[in-house]
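Values in this text are rule-based calculations from the coordinates and carry no lab data. Just so it is clear, the structure is predicted and the values come from calculations on it, not from any experiment. Virtual Cβ from ideal backbone geometry, glycine too; neighbours counted across all protein chains shown.
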Amino acid sequence: MLEDGFAVIGLSKSNTSITHHSYRHILYDVTDLKFESFLGELVAQLDSITVGIYCAGIGAKFDAENLEFETKVFQVNLMSAVTATNIIVKKMREQGYGHFIGLSSIADALTSTAAPSYAASKAGVSRYWEGLGLALASSNVKISNVRFGFVDTKMAKAPSKPMLIDSKTAAIFIRDVIRRPRIRASKPYVMSLWAHLLGLLSRIRFFGR
C-alpha cells in the first residue's frame, strides 16, 4: 500500500522493521480491554479512511489442558475483529466511501479437531464480513473477506502445509482485492474448493448421527 501512495497506520502488539515516511506504527494488543475506545479515538482523529484491513489472528493445536487459550483465539479472531470492523465501517459510512478488508482463512469451512477455536472463530468472522458486504452492496462502502490457506508466516505452525504461499504472494493478492473489490476472495482457490468439500462431508456425517 505504501508503494501505491497510501499513508498507512499499522496497529500491532509487535514491533516492525518498516521504515517509511508515510508509515506510522502503533504498539497495541487487540485483546486489551480498552481496545474499542482506543481504536475509536484513533479513527476519530483521522480525516478519512480509504482502506482498512484487519489482519490480527492467532491459533494453535488444541490442548485440553489450556482451554483459556481457546477463549483468547475467539477474542482476537472474532470479537476484536468485529469491534474493529464496526468502528472503521462506521467512519467509512459517515464519509460516504471506503473499503474494509478482513483476513480470514480457508479453514472457516471446516469443523476442526486439531484447532477447533481457530476454525470456528474464522467461520464466525467470515460469515459476518460476507453478510455485512451483502448488506452494504448498494453503497460506496465495500467489504471483502480474504480467505488464505497456508501463508509462510509465524502463524503457519502445522507440520504439513500444502499449497503454501509466501507473504509476498499474499500481499499481491490483497493489493488485487483493493483494486478489484469483491465480497469473497480465496487463495489458493483449489484449496478453498477442497475445504468446502471436506466441510460438506463432515456436516453430512453429523446429520447421520
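Between Thr19 and Gln95, what FRET efficiency follows from the Cβ-Cβ distance if R0 is 35 Å, with the result rounded to 0.05?
Working: r = 29 Å, r/R0 = 0.84.
Computed FRET efficiency for Thr19 and Gln95 comes out at 0.75.
Based on the Cβ-Cβ distance from Asn86 to Leu2, what FRET efficiency comes out when R0 is 35 Å, to the nearest 0.05?
Numbers: r = 26 Å, r/R0 = 0.75.
After rounding to 0.05, the efficiency reads 0.85.
Order these peptides, 15-21, 129-135, 175-181, by their mean beta-carbon neighbour count within 10 angstrom, highest first.
Values: 15-21: 8.4, 129-135: 17.0, 175-181: 13.9.
The most tightly packed comes first, giving 129-135, 175-181, 15-21.
Counting only C-alpha contacts under 8 Å and six or more residues apart, can you give the relative contact order of segment 1-71 as a whole percent? Display every interim value, and only then the final one.
Values: 39 pairs, mean separation 15.2, N = 71.
Reported relative contact order: 21 percent.
Say R0 is 35 Å: what FRET efficiency, to the nearest 0.05, do Glu41 and Thr169 get from their beta-carbon distance?
Details: r = 35 Å, r/R0 = 1.01.
That pair, Glu41 with Thr169, gives E of 0.50.
Quick check on segment 1-63: take the gyration tensor over C-alpha atoms, sort the square-rooted eigenvalues as a ≥ b ≥ c, and tell me if it's rounded (a/c under 1.5), prolate or oblate. Mind showing how you got there, number by number?
Numbers: a/c = 2.08, a/b = 1.38, b/c = 1.51.
Because a/c hits 1.5 or more and a/b fails to exceed b/c, segment 1-63 counts as oblate.
Which net charge results when you count Lys and Arg as +1 and Asp and Glu as -1 among the other residues whose beta-carbon is under 14 Å from that of Ser48? Kindly include the intermediate steps, with their values, before the conclusion.
Details: positive: Lys90, Lys91, Arg93; negative: Asp47, Glu94.
Charge balance near Ser48 sits at +1.
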